[in-house]
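Values in this text are rule-based calculations from the coordinates and carry no lab data. What you see is a predicted model; the values in this text were computed from it and never measured. Positions of Cβ are generated from backbone atoms using ideal geometry, with glycine treated the same way; all protein chains shown enter the neighbour counts.
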Amino acid sequence: MGLPMTKNVTSKVLMAGDDDLPLYAPQKKIYPQRISGTFRRIKWGLMALCLGVYYLLPLVRWNRGLGAPDQAVLIDFPSQRFYFFFIELWPQEFYYFTGLLILAAFTLFLMNALGGRIWCGYLCPQTVWTDLFYAVERWSEGDRRARIKADAGPLTANRLARRVLKYAIWLIIAWWTGGAWVLYFSDAPTLVRDLATFQAPAIACIWIGILTASTYLLAGHAREQVCLYMCPWPRIQAALTDEWALNVTYKYDRGEPRCSTKKGRDLRALGEKIGECIDCNQCVAVCPTGIDIRNGAQLGCIQCGLCIDACDNVMKRIGRPMRLIGYDNDINVERRTSGKTEVFKPIRSRTLVYASLITIVCAVMLHTLLTRSLLDVNVLHDRNPVAVKLSAGAIRNGYTLRFLNKRGFDRVIVVDVDGPANAQIHIVGVDSVTPDRPMIVLARDATTELRVLVTAPVGEKAEKTQPVKFRITDIGLGEVASATDHFVTP
Amino acid sequence: MSQHDDTDRVSGRSTTGHEWDGIKELNTPLPRWWVLTFYATIVWAFGYWVVYPAWPLVSGYTAGVLHTTNRAAVTENLAQLEALRGEKMKALGTASLADIENDPALLALARARGKTVFGDNCAPCHGSGAAGAKGYPNLNDDDWLWGGTLDQIMQTIQFGARSGNAKAHEGQMLAFGRDGILKKDEIVTVANYVRSLSGLSTAAGYNPAAGKTIFAENCVSCHGEDGKGNQEFGAPNLTDQIWLYGSDESTLVETITKGRAGVMPAWSGRLDPVTTKALAVYVHSLGGGK
């Protein structure tokens, strides 16, 4: 954490080092003030977008043909399928999620290299829901001063009613959040109907309960404590950031020394150098984590930009230039102090590396997704017995073949075997018209497991093991897949 | 009560009064809710004694007012299991053996059930993969003592061989040497003749004509003139590559001298008909079924 190097800031920070302080500080209640401005508008917009996607996405329909779920995004645990619009993934393709996690991490790093804790300030679910819960709190209990006053005074009927109203709305939002969550795991319209008629499975109600409780507690009560004590990202972020990253910064070169408007006017008239910060504390009043941004970059700052709005409103009123607090870094503060121009370097080695890593991972994922096989076969050799000698002296090996048909319709395939000379193939339970090329039907969107026997007349000097390859061919589409194993002679 | 008046400066709480190199321990009694829960569990235990089996007596135990027993629970669970299998297993019971093999779903069900039952009942002799051992036939190959069709396998499982069951397969290899039917040198000669039937090498000085005569006089009634055996008596085919006890001369001499009469138990009393059917289909589908 780069600390600004002005005197008053340093002394303030040092005070926190008093060794008699307990290890665990009790939560200080924070009363963020209503604010309007550019960043507040951005936050409202992103909140609407994030919550809109979260609440409404399960309701989006996507036609996959008869018999297949028509929900655009569905995690179907009983059938072990994940549906995302045109993509259908099987459990063994879970590695795509690894790719998504890598992508998410690099995107987070890139955001951090460009504009600091953009994730924390605008996109993190904790921030989004806490923001929403604060809006409800302001609406029912009034703004900062009203709430401070109410908390200090006695519990009147009016205040109790407002408080109950607040908790009720919080609970409804939390319940809706849990309700939307379970819709991702089951057909949404059916589940909504079942919930409405009290016929929903217990597991749905349990998860709604869990999500309701966690949303209510985290967004309603734990709030900034999650960011300060629970979340690992601020710690990692502090280690990942560099001096060029833009952060919400109090430009102390402009602001210090602080002075009230009137006194400042007088002192300026006398020719003294006075800063533009009028010490109105508006930046502190609006802060959702209750910090003072003028103490410099710090763990508690989620960089939501609300203090920028607060300060800009004040600067506008007193007729000074805006952005005394703004996206900036210490390099520019120093440059301005020594009379140089500001420099911004969004394109530098680390942002290029992050961006290219994101591009590479995206490209690899897209490539594997588009070229993935929709027909596959796996083979498992019998272990006991490994080989069987038949009465006429031929050797037979048994295999379990598992065929995967990832398409949404049944398909007919033929199975060929390449292996020992004159090898014959037989599939148990399949009487094929062409005995050497058994033909089987693979049910749509399913696996089919069959026992396959390969018999070969093996001479005295046969190899102990020979490679054997099973080739399957979709006779309609011409798709092929193969699996290899060994043919063992006892 | 402790006499010390030692209060921690930071937390404002009293300490235990103990001090180790300046480190003191806060006096933190168990929380009240914990203690109350603990007492509640003790009270709960008394109720448990009344309701459930609890105390051992000289020749029994206190049964408890609910009369709960594990055996009843098992019986109930088994009934539930049957109900759960329900329709599918019923289908297995009504379909013919051939129909089961022709229906992929029934075949898969029968093979799954058969594999489990095989592991529980048959594996001790035939091996977990049915590969057999000396004296215990390999069920994967295409050589069958008592026949390899679905019905024959089913019959063998139900009634066994030489099992004492009225419907069991009967017939045994006589002890030609021990009972004085053949002399030592005749046994060696016929053993070499039997080896020659499947193209195995014969000993030096062996007389093929004598071997053929001895075989014709003693063995053909069961094994047939060509030595291809007879499944009516469980007489093995002597011309193929598969030997239940072994094909070397000394083993053959031992077989002819002492006879063989391996026993397969009858399972009809222990396995229900549906399970037996599943088992027959499983064995048949191992690869050697006719």
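Computed quantities for the displayed model
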{"read-out": "Surface/4 estimate of mean projected area, convex hull on alpha-carbon atoms of the protein assembly as shown, nm²", "value": "59.4 nm²"}
{"read-out": "Formal net charge of residues neighbouring A:Gly319 (Cβ-Cβ distance under 12 Å; K, R +1; D, E -1)", "value": "+3"}
{"read-out": "Chain B, relative contact order [Cα under 8 Å, separation at least 6], %", "value": "22 percent"}
{"read-out": "Chain lengthening between A:Asp431 and A:Ala363 when straightened (0.36 nm per residue, less Cα-Cα)", "value": "19.9 nm"}
{"read-out": "Mean Cβ neighbour count within 10 Å, used as a protection proxy, ranking A:266-274, A:224-232, A:320-328 highest first", "value": "A:320-328, A:224-232, A:266-274"}
{"read-out": "Charge tally in the Cβ shell below 15 Å around B:Leu197, where Lys, Arg are +1 and Asp, Glu are -1, B:Leu197 excluded", "value": "-3"}
{"read-out": "Sequence ranges B:47-56, A:49-58, ranked by mean other-Cβ count within 10 angstrom, highest first", "value": "A:49-58, B:47-56"}
{"read-out": "Built amide H within the under 5 Å cut-off of A:Ala481, gap 5+", "value": "A:Ile472"}
{"read-out": "Neighbour net charge for B:Gln241 - beta-carbon separation under 11 angstrom, K R +1, D E -1", "value": "-3"}
{"read-out": "Quarter of the Cα convex hull surface for segment B:20-97, i.e. its orientation-mean projected area (nm²)", "value": "14.2 nm²"}
{"read-out": "Cut-off 11 Å, label 7 Å out along Cα→Cβ of A:Lys28, residues of segment A:285-316 by amide N", "value": "A:290-292"}
{"read-out": "Segment B:107-196: trypsin sites (Lys or Arg not before Pro) in DSSP coil with no more than 14 other Cβ atoms inside 10 Å", "value": "B:Lys134, B:Lys167, B:Arg178, B:Lys183"}
{"read-out": "Helical mean residue ellipticity (222 nm; -39500 (n - 2.57) per DSSP H run of 4+; nearest 500) of chain A", "value": "-12500 deg cm²/dmol"}
{"read-out": "Long-range HN-HN contacts of A:His486 with modeled amide H, under 5 Å", "value": "A:Val468"}
